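Peer 1: Before I ask anything, here is the structure I am working with.
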Amino acid sequence: METWRKDLIENIEAIMWRQWAALGAYVTGEATRGSLVDPEALVVATFALGRFNARLFDEAMDWVYINHRLLKPWRIKNIAREFQESARRTLGAVVEYLSLFGDKELFPGVVDQAKSLLSQVKTEELFWLKKDHFHTSEENADPVFLKWGFLRNQPRIREHSRQPDLENPANLMLWLRDYYGNGTRADVVTYLLSAGAGSAYEIASKIKYDRGGVYRALEDMVRAGTVNKDVGAESGNYLIDREKMAKALGIKTKRPVFFVWGDIYCAFDLVLSDRILSDETHEGDFLSLERFRDLTAPVVNLLRNAGDPLSRLKVPDIKKQREQEHRDRLVQYLMEVTNILMSPDFI
């Protein structure tokens, strides 16, 4: 594995471990406190990027089994739709396995979303350890994962996960869901408290909701006097007195920084899995460098709009780069992003 991929995977896994610690997974180490944890985005991303780390994958399965009632299945679907097809298949396998394990159907819509991919399934090793090297035979593979095209041994659900610590600022989204219920309002208020103002369209795109539902929730709060609307803005800008709102809700801890984790993890997955899922596009140095050029635009678009601290980074300019620079500059940019996300202010 190239050094840059190994380093990037280590950084991403370090971020994920701390977020899972905040949610209550059975892991050691410090929990994230400085930035908001998005539970649905973390679930989707872990079953995509967790293919590089079997323990991370299985601890996430354990947590989902114990805490599935805290998750919004339709939001998992919205976020997964933006990932590559292989991520939706891993989700389908995980959810079906957990449903059979607990003898209760979990997230049927997530499974249905992925079922259309089964007709084109090709059996592969679930965990990306070595290219073209199979660690599990079909005879020894778990039948549920095999059905979804993945070779792996039977997962162990030990039921060691805990519920999230709602006193941790990073779990503000879950705290507000506990306060408001599982409707749209909780996640809209999460955005307004942690990120600030925005139009209905902007807020919906950042929290992965339907725009109409977000607009109705905002207008209801405007009529109730809890949200202000700047009618001078072109599409209407919604904002709150963040200090006043936090005090009214009884939030005494420092508010976490908002990042669009679905987009961040989607960008990382796009780069890291591309070499494996689209191997033919990396044959030879020339094609590989061309592929990095093609990846730069979608990756940068996802990351530079995923949080104010990331918007200040200088982005790669493919029009001014040549050959080797496409790979080197994109890798440098991705490492700069993870360095920000891992800084003491946000971790």
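The values are calculated or read from the model by the stated rules, or taken from the named source; none is laboratory data. Quick caveat: nothing in here was measured; it's all calculated off a predicted structure. Cβ: placed from backbone, ideal geometry, glycine included. Neighbour counts: every protein chain shown.
Peer 1: Would you mind finding the one in Arg89, Arg55, Arg69, Arg75 that is charged (D, E, K, R), assigned to a helix (DSSP H, G or I) and under 15 Å from Ile12 (Cβ atoms)?
Peer 2: Arg55
Peer 1: Additional query: Please go through region 303-316 and pick out each residue that is among the hydrophobic types (A, V, I, L, M, F, W, C) and either outside the structural domain of Tyr265 (by TED's automatic domain parsing) or buried (at least 20 other Cβ atoms within 10 Å of the Cβ) (or both).
Peer 2: Leu303, Ala306, Leu310 - these are the residues of region 303-316 that are among the hydrophobic types (A, V, I, L, M, F, W, C) and either outside the structural domain of Tyr265 (by TED's automatic domain parsing) or buried (at least 20 other Cβ atoms within 10 Å of the Cβ) (or both).
Peer 1: Could you list, in sequence order, the residues of region 292-345 that are in contact with a His (Cβ under 6 Å, 6 or more places away or on another chain) and of a type in the set (Lys, Arg)?
Peer 2: Selection gives Arg293 alone.
Peer 1: Something else about it: Do the conditions hold for Glu96, that is, is it outside any helix (DSSP H, G or I), of a type outside the set (Ser, Thr, Tyr) and in the same structural domain as Ala141 (by TED's automatic domain parsing)?
Peer 2: No: the conditions fail for Glu96.
Peer 1: Still on this structure: Given the conditions (1) buried (at least 22 other Cβ atoms within 10 Å of the Cβ); (2) outside the structural domain of Leu239 (by TED's automatic domain parsing), and given that Asp187 satisfies all but one, which numbered condition is not satisfied?
Peer 2: (2)
Peer 1: Looking at (1) buried (at least 17 other Cβ atoms within 10 Å of the Cβ); (2) within 24 Å of Ala22 (Cα to Cα); (3) at pLDDT 95 or above, which is the one condition that is false for Asp178?
Peer 2: Unmet condition: (1).
Peer 1: Which ranges mark the helices (runs of 4 or more DSSP H) fully within region 136-230 that have 3 or more residues being farther than 24 Å from Asp112 by Cα, more than 24 Å from the chain's Cα centre (by Cα) and of a type outside the set (D, E, K, R)?
Peer 2: In region 136-230, the matching helices (runs of 4 or more DSSP H) lie at 211-224.
Peer 1: Confirm whether Trp128 is of a type in the set (Phe, Trp, Tyr) and farther than 18 Å from Thr253 by Cα.
Peer 2: yes
Peer 1: Turning to a different aspect of this structure: Within region 299-320, can you find the residues that are part of a helix (DSSP H, G or I) and under 23 Å from Ala195 (Cα atoms)?
Peer 2: Result: Val299, Val300, Asn301, Leu302, Leu303, Arg304, Asp308, Pro309, Leu310, Ser311.
Peer 1: Using the structure shown, decide if Gly212 is of a type in the set (Gly, Ala, Ser), modelled with pLDDT of 95 or more and over 18 Å from Ala41 (Cα atoms).
Peer 2: So Gly212 passes the test.
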